[in-house]
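The values are calculated or read from the model by the stated rules, or taken from the named source; none is laboratory data. Because the structure is predicted, anything quoted here is derived from the model rather than measured. Every residue, glycine among them, receives a Cβ derived from its backbone with ideal geometry; neighbour counts consider all protein chains shown.
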Amino acid sequence: MAERSNPEALDVVRNDVERFLSEQTGKEARVTDARLLAGGASQESWSVDVVLEPGEERLALVMRRDMGGVLTFATLPRATEFAVIAAAHAAGVPVPRPYFEPATIGGKPAFFMQRVEGEAVGRRLVTDPTFADARAKLPEQMAQALAQIHRIDVHAAGLDALLPAADAAQSAIQVEIERLYRELDSVDEAHPALELALRWLARNEPSPETERTLVHGDFRIGNILVGATGLNAILDWEFARVGDPMEDVAWPCVRAWRFGNDALEAGGITDRETWLRAYERASGRSVDRGRIAYLEILGNVRWAVGALMQARRHLSGVEPSIELASLGRLSAEMEHEALRLISERGKG
Amino acid sequence: MSLHDRPTVTEILAAVRGYLNDEVAKTSDRRARFRALIAANVLGIAERELLSADEDARFEDERLRTLGYVEGAAAERRRRLCADIRSGKFDSPERFVAGFAYASEMVARKLAVSNPRYLKR
């Protein structure tokens, strides 16, 4: 249990997990191992091993639990994230199987899901030779999974009452731009580059979306578990919403999500056209390349603001973390990329 | 020169950065190692910022003047600029180009401190 959490916190977690799982299973649940996993800037993810007694049944679980502070104004409550994962699981999307029902662990909202094997660290996935075969399969697999997500009947799955959605009077892009202004104001720093980019986005908005679907909201390398044969599971559903499916198609093209492999514009694993065509084949939709280019700029602004918001969680004292603090200085990279893309569009 | 003895502030930061990179990161588990490397990286940012602070301030002051923001502290002028961009005062093609040039130069300065390698990629 090599973890930074103090032993008391770990005891609280262990006791609460055992109590909750005993209630849920009608057996005596004993935690044999509980570890906070690396990564995770917005939620804690715990690896939890459980034995159910009497008997020998063992559960290998991941517990997702709230951390302090709000990541952005778009994050879902854990119980809603659980419902979205359950709907995706029922629809056959590769996600970890959700277990039980939403819980409260150590006073914080949490839920449990199956522990799926695989690598999620972006930098490794785009460069490590171990994943060469997986990388070759991923564009097709990601496109199919994303098309499946976008086919989920939000109403039938009971998600329409739970998820944020644009009202009919506003386009999904207008809603997003307004949210980014609110978040930028909450950070209370002067960012001329982001102001210019947001102004440009507002004045160059493409036509409103032609359909609204379930949107994963953070679909990219880094949020999927990858094994030797490619995609194992899609994680991190806390930004799910009802919106323009093209936002999910454009998001992996944002430069930060290439993890240094800049030349392969789709997630650092393939070129943009290969990715867009794979999605077109899988979904039956045709993808407007100009819209993707616009959403890529919006995506850069979104992550620039998101990084500022994350740094605030450290600076406010809510969640002291050197990792969160460092993100404040990352946002200049997305500012630079947003301005570069806008200036390229100007030439075109 | 500071009235304080050596090591200077930047020398102290460099020494701690070396300790994090060469000792902590090499003897820790994966998670602690990850954090030590982040800590070393942000100390590098602090070192570069201290070295370029005076020049950055002169540069920004001059560029804000060029845009017409003359009165007040730089931070306050920067805020006025942001409010003006948002209210549409930079919508005309000429003003947009001027604002864009300012923002691009400032972002390049920030990157020279936060991640100099990014601009070379």
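Structural remarks
- Applying the set (1) surrounded by 17 or more Cβ atoms within 10 Å (Cβ to Cβ); (2) more than 15 Å from the chain's Cα centre (by Cα) to B:R65 leaves exactly one unmet item: (1).
- Matching option when the condition is under 30 Å from A:A263 (Cβ atoms) and in the same structural domain as A:V226 (by TED's automatic domain parsing), among A:E178, A:E140, A:E183: A:E140
- Hey, A:L201 within 30 Å of B:Y69 (Cα to Cα) and either buried (at least 17 other Cβ atoms within 10 Å of the Cβ) or at pLDDT 95 or above (or both) or not: yes
- Only one entry in B:L111, B:L119 is of a type outside the set (D, E, K, R) and either surrounded by 18 or more Cβ atoms within 10 Å (Cβ to Cβ) or more than 24 Å from A:E189 (Cβ to Cβ) (or both), namely B:L111.
- Reported count of residues in segment A:310-340, each being within 14 Å of A:W200 (Cβ to Cβ) and either of a type in the set (K, R) or in contact with a Lys or Arg (Cβ under 9 Å, 6 or more places away or on another chain) (or both), is 3.
- Qualifying residue in segment A:320-336 (condition: part of a loop (DSSP other than H, G, I, E, B), facing chain B (nearest Cβ under 10 Å) and of a type in the set (G, A, S)): yes
- Among the helices (runs of 4 or more DSSP H) confined to segment A:158-253, the ones with at least 1 residues that are touching a residue at least 24 places away in the same chain (Cβ under 8 Å) and in contact with a strand residue (DSSP E or B) (Cβ under 8 Å, 6 or more places away or on another chain) are located at A:172-187, A:245-250.
- Test: residue in segment A:32-45 that is over 18 Å from A:V12 (Cβ atoms), of a type in the set (A, V, I, L, M, F, W, C), at pLDDT 95 or above and assigned to a loop (DSSP other than H, G, I, E, B): no
- Evaluating A:E117 against the criteria (1) over 30 Å from A:D16 (Cα atoms); (2) in contact (Cβ under 8 Å) with a residue 40 or more places away in the chain leaves one unmet condition, (1).
- Of all residues in segment A:42-61, exactly one satisfies the criterion of being hydrophobic (A, V, I, L, M, F, W, C) and in contact (Cβ under 8 Å) with a residue 60 or more places away in the chain, namely A:V48.
- Residues (of a type in the set (K, R) and more than 10 Å from chain B (Cβ to nearest Cβ)) located in segment A:163-206: A:R179, A:R182
- Qualifying residue in segment B:78-95 (condition: within 13 Å of chain A (Cβ to nearest Cβ) and in contact (Cβ under 8 Å) with a residue 24 or more places away in the chain): no
- Subset of segment B:99-108 (residues that are surrounded by 16 or more Cβ atoms within 10 Å (Cβ to Cβ) and of a type in the set (G, A, S)): B:G99, B:A103, B:S104
- Any hit, segment A:300-312, residues being within 13 Å of chain B (Cβ to nearest Cβ), more than 23 Å from B:N41 (Cα to Cα) and either more than 22 Å from the chain's Cα centre (by Cα) or assigned to a helix (DSSP H, G or I) (or both): yes
- All of (1) in a helix (DSSP H, G or I); (2) at pLDDT below 95 hold for A:F73 with one exception: (1).
- Boolean, A:V242 is at pLDDT 95 or above and either touching a helix residue (DSSP H, G or I) at 6+ places or on another chain (Cβ under 9 Å) or surrounded by 20 or more Cβ atoms within 10 Å (Cβ to Cβ) (or both): no
- Scan of segment B:1-24 for residues that are within 25 Å of the chain's Cα centre (by Cα), in a helix (DSSP H, G or I) and not acidic (D, E), ordered by number: B:V9, B:T10, B:I12, B:L13, B:A14, B:A15, B:V16, B:R17, B:G18, B:Y19, B:L20, B:N21
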